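> Handing you this structure, nothing more for now.
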Amino acid sequence: MRRPSPPCRPLPASAVSVERRRRGGPFVLMLLGTTSACVACAMWIPDAGDLPLAVAPAQRAKAPPAVRPGTAPPTAEPVRGRPVRPRASDPALPPCGRLTGTPTRPAGFYFADRTVPGQVVLTFDDGPLHGKTRRLLAVLRARGLRATFFVVGQMINRRSYRVIQTLVRDGHILGNHTYHHDLGMARVDQAEARIYAEFQLTQAMVDIALLAESPRQFDGLRRRLLGPRAPVRFRDTLVRTWPAIERRWRAILADYGNASLYRMVYARPPGGNPFGPAFSNTARRAYTRAVHRAGLINVLWRSGTANDFRYLSREERLSPNRIARSIVFAARVGGILLIHDQIPAAGLAAGLDDVIRFSNLHVISLSQMTRRRYGCEPIPPLRP
Ligand SMILES: [Zn+2]
């Protein structure tokens, strides 16, 4: 059996400094409409139109207690004015390993976190999409930017598996957005087992996406992993079938010499659940135990783009101003911007260009934000 090809090696994302090119005075924010998040992830994302653009320190909610496995690193500030080359990892830091948070909240990044002024992390949810994600990658590549893509397991198929390979090759971070994208998964019976299986199965799908060298081979690996007649959605039986799927997953990896693949270290729950007000602490405890067991760092967000609000006109969804405003707003509240792979690439490109041209924001990586917050190295060692 053939060994996986070189693109399987992760190329960790790192900081990229957006060059400051002031050409026309201060960046003027047009406070029109709203900035918020997705339909697919529909929930209670605060609306930018309802929030102050500048959040005074006294108004900010207290950041969660950081779990520090090692000493805090010197702050790795991006160098303004010239791009920073991707950095694989910081050997001076201890590996993050399994961070633990509280019983109802895994270690990670949350809505009310404090931010470092002028820095923002770009995150894209709900892919991979065969055509749309590729176009976004071209936009980011042309501007030397790197982002984190929270992928959904069931979206990885014979067409989109190559997008996973390109994401890794381009140095972006892959995050885990569960297999079924079920907004209510923390409410079901055996929620902890279900959530754990959702994350692990998505990791397995990423593994076979990186192993496959053709659509036919991907189909064969998927059949072997999930069974010959596995539907795309089988969430109601996942807890029962997971042990067998896991055995087949391990067997596949063993057949490929336990190939060193990409281990995802970041998790994002669909819709931000169970951290919304409609969920109980029981649901949060189940989610937290599952995330801890899977060894993941939880990543929520504070600001999203309105790109996929159905009620917006195409013109509004393509508005560079709206997208640029979302990016600037995210830098002020939490520092993590949620976008979706469905965003029109042209709109994203124009919005990014506005930010690059008229602001001094720095696009940093989630790895960099993790190093600063937790004082550890999130880039995992390759799987032995
Ligand atoms: Zn989502």
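Every number in this text was worked out from the coordinates using simple rules, so none of it is lab data. Everything quoted here is computed from the prediction, not taken from an experiment. No Cβ is skipped: glycine too gets one built from the backbone with ideal geometry, and neighbour counts run over all protein chains shown.
> Shape call for the stretch 123-163 from the C-alpha gyration tensor, a ≥ b ≥ c root eigenvalues: rounded (a/c under 1.5), prolate (a/b greater than b/c) or oblate?
Because a/c hits 1.5 or more and a/b fails to exceed b/c, the stretch 123-163 counts as oblate.
> So if I place +1 on the C-beta of Lys and Arg and -1 on the C-beta of Asp and Glu, and nothing else carries charge, what would the dipole magnitude of the stretch 208-265 be about its Cα centre? I want it in debye, nearest 20.
220 debye
> Hey, rough spin-label estimate for A254 and N157, points 7 angstrom out along Cα→Cβ, what's it come to in nanometres?
Calculated label separation equals 3.2 nm.
> Same structure again: Distance between Cα centroids, the stretch 177-193 to the stretch 203-280: provide it in whole Å.
A separation of 15 Å, based on Cα centres.
> Spin-label point model (7 Å from Cα, Cβ direction): what's the D353 to Q190 distance in nm?
5.3 nm
> Separate question: Could you estimate the translational diffusion coefficient of the stretch 240-283 from the Stokes-Einstein equation, with Rh from the Kirkwood formula over C-alpha pairs, at 25 °C and 0.890 mPa s, in whole µm²/s?
Taking Rh from Cα pairs, D becomes 180 µm²/s.
> Applying the Karplus parametrisation 6.51 cos²θ - 1.76 cosθ + 1.60 with θ = phi - 60° to the phi angles of the stretch 349-365, what ³J(HN,Hα) value in whole Hz is obtained for each residue in order, glycine and proline being reported as x?
With the stated coefficients, the stretch 349-365 comes to 4, 5, x, 4, 5, 4, 5, 4, 6, 10, 10, 10, 5, 10, 8, 10, 8 Hz.
> What percentages, rounded to whole numbers, describe P(r) for the stretch 315-354 computed over all alpha carbon pairs with 5 Å bin width beginning at zero?
Using 5 Å bins, I get a P(r) of 6, 28, 32, 24, 10, 1 for the stretch 315-354.
> Oh, and also: How large are Rg and Dmax for the stretch 141-298 when only the alpha carbon atoms are used, in Å?
15.6, 46
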